[in-house]
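Since the structure comes first, as structure tokens, the remarks are kept for the end.
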Amino acid sequence: MIVKTFGSAIQGVNAITITIEVNVSSQGNRLFIVGLPDNSVKESERRIESTIQCMGFRMPRTRTVVNMAPADIRKAGAAYDLPIAAGIMAASGQIPATHLEHWLMMGELSLDGTILPVKGALPMAMQAQQDGFRGCILPKQNAREAAMVDGLKVYGISHISEAIQFLNDPDTLSPTAPSQNDFYRTQDQFEVDFCDVKGQHQIKRALEIAAAGGHNAILIGPPGAGKTMLAKRLPTILPPLTLQEALETTKIHSVAGKLPAHASLIVHRPFRSPHHTISDAALVGGGSIPQPGEISLAHNGVLFLDELPEFKRKVLEVMRQPVEERKVTISRARTAIDFPASFMLMASMNPCPCGYFNHPEKECTCAPGQVQHYLNKVSGPLLDRIDLHVEVTPVKFQDLSSGAVTEKSTYIRDRVIAARAIQAARFTGYQHIYCNAQMNSKLLATVCVVSDRCLELLGQAMQKLKLSARAYDRILKVSRTIADLEGSEHVTPAHMAEAIQFRSLDREGWGN
């Protein structure tokens, strides 16, 4: 008797429905699993046999063939235990096969039949809805995550006996209720806030501009000046995730196994801060079965690279394409997979090896040429993709000891949201362009038309400060964002002047 059950395979951040065909014949005494399974799938035989026996059923002692189609897609992981076990029991006549075709099921089995959680439940549920299944049978730990898909019934189970009872009578379980209200209620809850930061008004202003235009930024300053503390508060002033962005972000974290326990959705924009010893594969993604890296986990959020020059040159260079194209492509012999990587790059660094170059009070002890050598660890093409260079100075004692109340993140965020709304209206009709930082040179020439006085100011700045050519477009984009924050239709010389000051590392002579 041939019975079909349905599971799901993850490719990149998307899922593909897998048809599991089970045929129990009257001859032979072996179990064959075919259809390009890896070792973890082949090992399911022992787990399934133990589970079936613990349930009081019998494992067929005749020839049993399990085919996982399509056969050209590699199946990996132990999550196929549940659909294979259900197929074997149905094909051997121990449970009814009537309802199997209506449900997609996935789950790893313990030896006693306990269902363990799986990775990628959200993309599995999305694909199940697209393929017209009535619903999903998933581990209870994954049910809330999958239930965020509208119009799909998701049943969470903790033991295979619950799945068997459900297949006998679908009324024995109730579907998991979606929790979208929790998503909207918790979006404004953060553990940190800009009101905790004393002083540093100029740096807060720079981060507000970065958030408003989606600009990449780098903070340059001595140790202890508060660069990391400021960067960690950047997500608190970014616009809240839309439901679509939250689903995209959650898919990536679900596939990577990084979704917090019992979480249904990622409610805050991600903030990823990898250590400088990270490998290029861990940063951009990879592996024999490609998995998302840190830049994809930062999708729709912030990637913070602390002590940027300490990262390996090779690691930094592989970021150039993702920063520009907002995706990363992992190529393997059998396939090429795209992972989304639309993030804001936030970096920090000391101005020199000792950290006190340009310090207002302490003297730099670096040898001649050592400062420039240190800065050259970060390549020009990477710096070319960073819009704001922000010099961070130590906080004064008066600011630290002051009891003055500083501005909360919510007020800054309101201004950022208003500026993003202006940009959203401006870029209506342009595909994949949502903020000023994403403009190309052609669009920039159309959108950012400036007066002769602004061009004269920009020309004087480039000549006197000896700014490089790469600074030209960046200054125009940042000045347009500053104008949006003020609700100004045109870029004024004041906006241009403020943008010019954020090109520190382009100045000829910096570090000499």
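The values are calculated or read from the model by the stated rules, or taken from the named source; none is laboratory data. On a predicted model such as this, the values are computed, not experimentally measured, just so you know. Here the Cβ is made from the backbone with ideal geometry for all residues, glycine too, and neighbour counts use every protein chain on show. The area values use the complete protein model at the heavy-atom level, side chains included, leaving out ligands, DNA and RNA. Shrake-Rupley method; radii C 1.70, N 1.55, O 1.52, S 1.80 Å.
Tell me what the chain gives for mean residue ellipticity at 222 nm when only DSSP H runs of n ≥ 4 count, each as -39,500 (n - 2.57), the sum divided by the residue total, rounded to 500 deg cm²/dmol.
Details: 22 runs with 186 residues, N = 512.
Result for the chain, helices only: -10000 deg cm²/dmol.
Quick one: give the max-minus-min coordinate of the C-alpha atoms of segment 1-56 along each principal axis, largest first, in Å.
38, 23, 20
Could you please state how large a percent of the accessible area of the chain is carbon and sulfur, counting protein chains only and using a 1.4 Å probe?
50
Mind listing which trypsin sites (Lys or Arg not before Pro) in segment 44-127 are in a DSSP loop and have 15 or fewer other Cβ atoms within 10 Å?
Counting only loop positions with at most 15 other Cβ atoms within 10 Å, the trypsin sites (Lys or Arg not before Pro) in segment 44-127 are Arg58, Arg61, Arg63.
Kindly sort Lys251, Lys314, Lys442, Lys466 by accessible area of their heavy atoms, largest first, with the probe set to 1.4 Å.
On the way: Lys251 30, Lys314 135, Lys442 170, Lys466 105 Å².
I get Lys442, Lys314, Lys466, Lys251, largest accessible area first.
Cross-link candidates for Lys312: which lysines have Cα within less than 30 Å, leaving aside residues fewer than 8 places away along the same chain?
Within the straight-line limit of under 30 Å, Lys312 reaches these lysines: Lys204, Lys227, Lys232, Lys251, Lys258, Lys327, Lys362, Lys377, Lys466, Lys477.
Expressed as a fraction of 2.2 N^0.38 Å, the rule-of-thumb size for a compact globular protein of N residues, what is the C-alpha radius of gyration of segment 77-163?
This ratio for segment 77-163 stands at 1.02.
Over segment 373-433, with a single point scatterer placed on each C-alpha, what log10 of the ratio I(q)/I(0) does the Debye formula yield at q = 0.13, 0.16, 0.27, 0.28 1/Å?
Debye intensities relative to I(0), on a log10 scale: -0.77, -0.94, -1.11, -1.13.
Give the shape of segment 328-429 as rounded, prolate or oblate, defined through the alpha-carbon gyration tensor: a ≥ b ≥ c are the square roots of its eigenvalues, a/c under 1.5 means rounded, and otherwise the shape is prolate if a/b is larger than b/c and oblate if not.
On the way: a/c = 2.76, a/b = 1.18, b/c = 2.33.
Because a/c hits 1.5 or more and a/b fails to exceed b/c, segment 328-429 counts as oblate.
If the reach is capped at under 15 angstrom between alpha carbons, list the aspartates and glutamates near Lys408, excluding any in the same chain fewer than eight residues apart.
Qualifying aspartates and glutamates at Cα under 15 Å: Asp188, Glu191, Asp193, Asp196, Glu208.
Just to make sure I understand: if all protein chains stay in place, what is the order of Phe271, Phe133 by accessible area at 1.4 Å, largest first?
Descending accessible area places them as Phe271, Phe133.
In square angstrom, rounded to the nearest 10, how much accessible surface does Asp384 have for a 1.4 Å probe?
50
Hey, what's the Kirkwood Rh for segment 390-499 if you take every pair of different alpha carbons, in angstrom?
16.0
How fast does segment 28-68 diffuse by Stokes-Einstein, in µm²/s, taking the Kirkwood radius from C-alpha pairs at 10 °C and 1.306 mPa s?
Roughly 146 µm²/s, to the nearest whole number.
With a 1.4 Å probe and every protein chain left in place, tell me how much accessible area Arg474 has, in Å² to the nearest 10.
In the full protein context, Arg474 sits at about 40 Å².
Take segment 134-227, drop everything but the C-alpha atoms, weight them equally and run the Debye formula without solvent; then report log10 I(q)/I(0) at 0.13, 0.16, 0.19, 0.20 Å⁻¹ to two decimals.
Taken in order of the listed q values, log10 I(q)/I(0) reads -0.66, -0.76, -0.92, -0.98.
With a/c under 1.5 counting as rounded, go ahead and sort segment 198-324 into rounded, prolate or oblate using the C-alpha gyration tensor (a ≥ b ≥ c being the square roots of the eigenvalues; past the cut-off, prolate if a/b is larger than b/c, else oblate).
Note, shape of segment 198-324 comes out oblate.
With +1 on each Lys and Arg Cβ and -1 on each Asp and Glu Cβ, and nothing else charged, work out how big the dipole of the chain is about its Cα centre, in Debye to the nearest 20.
That gives the chain a dipole magnitude of about 720 debye.
Rounded to a whole number, what is D in µm²/s for segment 1-106 from Stokes-Einstein with the Kirkwood radius over alpha-carbon pairs (10 °C, 1.306 mPa s)?
Estimated via Stokes-Einstein, D reaches 116 µm²/s.
Return an integer: the convex hull volume of the alpha-carbon atoms of the chain, in Å³ per residue.
That works out to 168 Å³ per residue.
Calculate, for Ser110 and Glu317, the FRET efficiency according to 1/(1 + (r/R0)^6) with r their C-beta to C-beta distance and R0 56 Å; round to the nearest 0.05.
After rounding, the FRET efficiency stands at 0.80.
DSSP beta bridges in segment 250-355, what fraction antiparallel, as a percent rounded to 5? Don't skip to the answer; put the middle values down first.
Working: 7 of 13 bridges.
For segment 250-355, the DSSP antiparallel bridge percentage is about 55.
Using the alpha carbons of segment 193-247, what is the convex hull volume per residue in cubic angstrom, as a whole number?
Per residue, the Cα convex hull of segment 193-247 comes to 93 Å³.
Express in Å², to the nearest 10, the accessible area of Ser342 obtained by rolling a 1.4 Å probe over the protein heavy atoms while all chains stay in place.
Spelled out: Ser342, probe radius 1.4 Å, area about 30 Å².
Determine the per residue accessible area of the chain with all protein chains present and a 1.4 angstrom probe, expressed in square angstrom.
Spelled out: the 1.4 Å probe surface of the chain, per residue, equals 44 Å².
Of all the C-alpha pairs in segment 416-463, what % are more than 11 Å from each other?
Distances greater than 11 Å cover 73 percent of the Cα pairs.
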